[in-house]
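> A single structure is presented below for examination.
The values are calculated or read from the model by the stated rules, or taken from the named source; none is laboratory data. All figures in this text were calculated on a predicted structure; none of them were measured in a lab. Ideal geometry is used to build each Cβ from the backbone, glycine not excepted, and the neighbour counts take in all protein chains shown. Areas reflect the complete protein model, heavy atoms only, side chains present, ligands, DNA and RNA absent. Shrake-Rupley method; radii C 1.70, N 1.55, O 1.52, S 1.80 Å.
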Amino acid sequence: MILIVVLPLAGLTWLGMRVARDDEASLQRKFEDVFAIQIRDIDRIISRHFETLSSELSATARKVEDHPDDIRALLRESPQVRQIIIVDTTGAVLHPDPATELNLSEREFLHEAQELIRDRDLIHAWRADSDHSQRLPAAKTDKEKSAASNLPSASEGWHVWYWGRGVHLIFWQRRADGNVVGLLVERGRWMADLIAALPETVDQQHEEIPVGSTSRFRLVDSMGDSVYEWGEYEPPEESAPLVESAVSAPLASWRLQAVVPENLIAVQSSGILFQLVTGIVAATVALSVLATFFWREYSREVRQASQRVSFVNQVSHELKTPLTNIRMYADLLADDLDNLDDGSGDKASDRLRVIVSESQRLSRLISNVLTFGRQQREALVLRYRQASVDELVRRVVEQFSPTLERLGITTELTLNAAQPVSLDDDAIEQILVNLISNVEKYAADGGVLKISSSLTTTSVTINVADDGPGIPIAMQHAIFEPFVRVSSRLEDAAGTGIGLSIARDLARLHGGDLRIADSATGASFSVELRTSEEDRK
Amino acid sequence: MRRIGKTIAAAVALSTCLSAPTKASQVALSVAMSNPVLKSDEKQTAFLKVGLNGFKMPVTSRRVPVNVALVLDKSGSMKGRKIAEAKQAAIQAVRRLNADDIVSVVVYDSTVEVLVPSTKLTDKDAVCRKISQVQPGGRTALFAGVSKAAAELRKFIDRDHVNRIVLLSDGMANIGPSAPSELGSLGASLKKENISVTAMGLGLDYNEDLMVNLASNSGGNHVFIEDETQIAALFNKEFNTVLSVVAQEVSITIEVAKGVRPVRVFGNQAEINGQKVVATLTQLYSEQEKFLVLEVDVPASPEGKPLDIAQVNVDYDNMLTRASDRLTGKASVNFSSSDKVIASCVNNEVLEAGVLLFANERNKAATILRDKGDIKAARRMLLQNADYLKRYAADLGSLQLDAACNLNTIQSRNLEDVRWTRFRKGMVLEQYRADTQQTYGAVDLKPSNQYPGTPQSASPQPAQKKSTRK
């Protein structure tokens, strides 16, 4: 009954969870897509910023003249530029010229830029042929290597230079005379300007970039340190980003990250979860109602059946007492008639025998019903007594002899269990009665009834075989079930259909069994009984 | 634009040790040698002082309008009284301004908010209301705060306004660039646009090197606010200076004569390009002197033969007349074999400035020694410094040198103090004030109430009266 509810629910839950998981995964993908698009937009801002910066620096670079005083004056009025370097076609540094008197800042720059200046490839790239020079505002660059070396035709571009606290940007421009002017961009300044170009948490200037209350965007440098952040969500330190992507050149070593609360997607998908839970609850309720209905129907039927059984029991009990009296007085009457010498009682005696026989039959029926009733109440208890199986067999056959005679059935007894053993003689009698009743009912066309008995130290075996039509193989298992009869046609045979069931249960109570035995013709039953413990000792 | 050429003869002769008279609506330039007469036939070192004195703004004239960006730290550590006082101070400052001024307010914690985008201050109440609603929480994105403020300020930048970022922070910058050099780089760039940043450090957790780098490279002020109750007063003083600017974009060029070698310029970040020394000052304040001292090597010369040392040109924007002015001056020396003559002609004022800045350099060196953990060497240097200052204080009868002597002595005792964090902030602040002639914000030498423990052994010193310097 519980399974009716649990199994479908388990299935439903499993399916629902799968759907929810799939949904969560697709939601996660959707989130990632949304943030990836936002990050792309942000990267576009950065690219635009550097495009603007490079055109400004391009203009500044064109103003650079050769005289150090002019260069210094230009530096003083160029907030974006920290230092200027001029390299000639041979790779020699024209400015700041170490051979002249340099100021502190220039000396520091030369010191810092030693590696840069020694990088012959770079210098070579910078002064490469300008036959078909074209403007590349943001030539892709890489660590210590200007990608311009792959693009020798470029006449200006970015060079990324790692030194000290991280990335430094140099904007270089090749002049008509072949010399290259490099502008070291003021690091603090370009970072500040980049930050100023990016959105704020509460933004009035970047309407095109939505700033969600549930996210944090981060611009991180090549060391993974945050340079700038915006967005209302305050993530715990070291929280991993949902989406991360490299910034466009020249800041290719920097990354843009979107961080969202870990439970954001869970919160979003909790709608599905809610639906799922609701569905499961509804299904539980429906199934429970159904199961309760079935359970109540079932118990009602069980109750009614047991009421019926108990009614039949009571009626049988009530029937048994008068029947016993009838049998007793019929026996007495038969004896009285036998004692009449004149033979006038012969006819009456014959009729009386019919009465006795029929009352015996009725008595058997009633005792079967009563045994069945006890069996149903699990109140069947054996009462062991010393008894001889052969005597029992004879007594029962004797009981049936008038009927068997009338039906033309001859009895053949092969009895080898005369020794008394401990068993419930009433039960054995009932088993035999039921078996012989079946012979009487089904094998009514004559033939031989063979009953044999044998005895071992621990068991008694009784075989009852007839010449009747036998039991169809398909029915052989079913016949021991209560209320099953080989033929259900009313005119075929009388009976309650509980005889074999009771017989087998009684045999089993004795630690034995009742089986269908192999036989060429007719039906053959074999009863095996374990004799009681004390008897075996 | 009208350019007025004015030659101020700051001639130094044997007979006269005078400085030239100045016009009331002009910056006064004084160019003088510490020793107008030097020992003959000897290679010597001398100080050349270039002083610029801001004229008094006439009461009748309109105040110079300002373009100011307030940058307030609202990180979690500002919670409580700090943020309350900071907001109050900012509101008071805004109330002092008027509709000609341009104001922007930027607040930051982990992220930045442009609370008030750059605007003409026509609606003070709205600005103050926004300031009053600031709630603290988060970390310290100091660099980004200044970056956004600079961008706001730049929206309306022009030569008629005094451009200033006023930054108040109580903590280590822990989001974004945080190295003193990075803040210094930004400051240097802003200075080229004539934007200066005043860096106010609150409490004991800020990084004074970062704040000083930002302030000094941009030509702003630096303040150490030990206790939040002082915020309003120091904001007020800062705005006093901002509102008293008389000259901007002051560019000083010193052409040093052939044969004379410029050695170094104290404090001020001047460029020494061969014989040409260039320095810029973002602003000059009313009735305040800013100066720079150039140390020069003078070649051995014969007695009685005057030698030109330097020609000084100063260009600046006069905020009163709205004109670009040029001042010129020159310095020369003569030589004598008589020590008496030499001594009689010593320019006390110039020598005092030179000694003060020279000692200041050594004071900075002592801080570096202490940072490296060499407390002994640091103490020795400070005590030597005190001796040096004491000697000149007596010779020149200078109260200022005497005060500096006391300051070095006290500092020598604080090197191992558990409150070193606090004393270091004071030390760096005083170095900065000496270099830039910042008039306000002197450090309180008395131990603060917030430190339990034994009182400092030193008796109260007149050193804190440094602001007597003019």
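> If I ask for residues that are in a strand (DSSP E or B) and open to solvent by 20 Å² or more (accessible area, probe 1.4 Å), which ones from the stretch B:263-277 would you list?
B:Val263, B:Arg264, B:Val265, B:Glu271, B:Ile272, B:Lys276
> Any residue at all in the stretch B:311-323 that's under 30 Å from B:Val212 (Cβ atoms), at pLDDT below 95 and either among the hydrophobic types (A, V, I, L, M, F, W, C) or open to solvent by 50 Å² or more (accessible area, probe 1.4 Å) (or both)?
Yes.
> Taking the options A:Val180, A:Val167, name whichever one is of a type in the set (Val, Ile, Thr), at pLDDT 80 or above, surrounded by fewer than 24 Cβ atoms within 10 Å (Cβ to Cβ) and within 22 Å of A:Ser58 (Cβ to Cβ).
None of the other options fit; the residue is A:Val167.
> Specify which of the listed residues (A:Asp445, A:Asp390) is out of contact with any helix residue (DSSP H, G or I) (no Cβ under 6 Å at 6 or more places or on another chain), part of a helix (DSSP H, G or I), among the acidic types (Asp, Glu) and over 15 Å from A:Leu509 (Cβ atoms).
Checking each option against the conditions leaves just A:Asp390.
> Take the residues in the stretch A:442-466 that are touching a Lys or Arg at 6+ places or on another chain (Cβ under 9 Å) and either on the phi > 0 side of the Ramachandran plot or not hydrophobic (A, V, I, L, M, F, W, C) (or both), then tell me which one is most open to solvent (accessible area, probe 1.4 Å).
Checking each candidate, the answer is A:Thr457.
> For the stretch A:74-94, which positions are of a type outside the set (A, V, I, L, M) and at pLDDT below 90?
A:Asp88, A:Thr89, A:Thr90, A:Gly91, listed by residue number.
> Okay, moving on. Return only the number of the condition from (1) outside the structural domain of A:Leu506 (by TED's automatic domain parsing); (2) free of Cβ contacts under 8 Å to residues at least 12 places away in the same chain that A:Ser363 does not satisfy.
All conditions are met except number (2).
> While we're looking at this one, here's another question. Just one of the numbered conditions (1) open to solvent by 30 Å² or more (accessible area, probe 1.4 Å); (2) within 12 Å of chain B (Cβ to nearest Cβ); (3) farther than 18 Å from B:Gly187 by Cα is not true of A:Ser105; which one?
Only one criterion is unmet by A:Ser105, namely (3).
> From (1) open to solvent by less than 10 Å² (accessible area, probe 1.4 Å); (2) within 12 Å of chain A (Cβ to nearest Cβ), pick out the condition that doesn't hold for B:Val105.
(2)
> Right, another one. Can you tell me which of (1) of a type outside the set (A, V, I, L, M); (2) modelled with pLDDT of 90 or more; (3) over 23 Å from the mean Cα position of the chain (by Cα) is the one B:Arg3 doesn't meet?
Here B:Arg3 clears every test but (2).
> Tell me the residue from B:Ala10, B:Ala20 that is at pLDDT below 90, touching a Lys or Arg at 6+ places or on another chain (Cβ under 7 Å) and not in a strand (DSSP E or B), please. Step through it out loud before you land on a result.
Numbers: B:Ala20 fails: touching a Lys or Arg at 6+ places or on another chain (Cβ under 7 Å).
That would be B:Ala10, the only listed residue that is at pLDDT below 90, touching a Lys or Arg at 6+ places or on another chain (Cβ under 7 Å) and not in a strand (DSSP E or B).
> Which is within 14 Å of chain A (Cβ to nearest Cβ), open to solvent by 40 Å² or more (accessible area, probe 1.4 Å) and of a type in the set (Asp, Glu), of B:Glu42, B:Glu113?
After ruling out the rest, the residue left standing is B:Glu113.
> Just a yes or no: is a residue in the stretch A:133-150 in a helix (DSSP H, G or I), away from every other protein chain (no Cβ under 14 Å) and at pLDDT 60 or above? I'd like the intermediate steps shown before the answer.
Going through the stretch A:133-150, the residues in a helix (DSSP H, G or I) turn out to be A:147-150.
Right, trim to away from every other protein chain (no Cβ under 14 Å) and you get A:147-150.
Cutting the leftovers down to at pLDDT 60 or above gives us none.
Looking through the stretch A:133-150, none of the residues is in a helix (DSSP H, G or I), away from every other protein chain (no Cβ under 14 Å) and at pLDDT 60 or above.
> In the stretch B:244-262, what residues are crowded, with 21+ Cβ neighbours inside 10 Å and more than 23 Å from B:Ser30 (Cβ to Cβ)?
Of everything in the stretch B:244-262, nothing turns out to be crowded, with 21+ Cβ neighbours inside 10 Å and more than 23 Å from B:Ser30 (Cβ to Cβ).
> Which residue, of A:Ser437, A:Ser422, is open to solvent by 10 Å² or more (accessible area, probe 1.4 Å) and either modelled with pLDDT of 85 or more or not hydrophobic (A, V, I, L, M, F, W, C) (or both)?
A:Ser437
> What tally of residues in the stretch A:42-90 results from selecting those that are open to solvent by less than 30 Å² (accessible area, probe 1.4 Å), part of a helix (DSSP H, G or I) and not hydroxyl-bearing (Ser, Thr, Tyr)?
Here the count works out to 12.
> Output the residues belonging to the stretch B:354-400 that are part of a loop (DSSP other than H, G, I, E, B) and either touching a residue at least 60 places away in the same chain (Cβ under 8 Å) or in contact with an Asp or Glu (Cβ under 7 Å, 6 or more places away or on another chain) (or both).
Scanning the stretch B:354-400 gives a single hit, B:Ser398.
Here is a yes/no grid of residues against (1) of a type outside the set (Phe, Trp, Tyr); (2) within 21 Å of B:Ala353 (Cβ to Cβ); (3) open to solvent by 10 Å² or more (accessible area, probe 1.4 Å):
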site	(1), (2), (3)
B:Leu399	yes, yes, yes
B:Asp402	yes, yes, yes
B:Ser412	yes, no, no
B:Asp417	yes, no, yes
B:Lys425	yes, no, no
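Residues are listed down the side, and each one gets a yes or a no for (1) open to solvent by 30 Å² or more (accessible area, probe 1.4 Å); (2) within 24 Å of B:Arg424 (Cβ to Cβ):
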position: B:His161; (1), (2): no, no
position: B:Ala179; (1), (2): no, yes
position: B:Asn194; (1), (2): no, no
position: B:Met200; (1), (2): no, yes
position: B:Asp227; (1), (2): yes, yes
position: B:Asn236; (1), (2): yes, no
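> Checking the conditions here, which among A:Leu352, A:Leu323 is open to solvent by less than 60 Å² (accessible area, probe 1.4 Å) and touching a Ser or Thr at 6+ places or on another chain (Cβ under 9 Å)?
It is A:Leu323.
> I'd like to know if the stretch A:190-207 contains one or more residues that are more than 9 Å from every other protein chain (Cβ to nearest Cβ) and either open to solvent by 50 Å² or more (accessible area, probe 1.4 Å) or modelled with pLDDT under 90 (or both).
Yes: the stretch A:190-207 contains one or more residues that are more than 9 Å from every other protein chain (Cβ to nearest Cβ) and either open to solvent by 50 Å² or more (accessible area, probe 1.4 Å) or modelled with pLDDT under 90 (or both).
> Which of (1) touching a residue at least 60 places away in the same chain (Cβ under 8 Å); (2) open to solvent by 100 Å² or more (accessible area, probe 1.4 Å); (3) of a type in the set (Asp, Glu) is the odd one out, the single condition A:Asp390 does not satisfy?
With respect to (1) touching a residue at least 60 places away in the same chain (Cβ under 8 Å); (2) open to solvent by 100 Å² or more (accessible area, probe 1.4 Å); (3) of a type in the set (Asp, Glu), A:Asp390 is out only on (2).
> Of everything in the stretch B:117-139, what is within 29 Å of the chain's Cα centre (by Cα) and open to solvent by 10 Å² or more (accessible area, probe 1.4 Å)? Give them in sequence order.
Passing the criteria: B:Pro117, B:Ser118, B:Thr119, B:Lys120.
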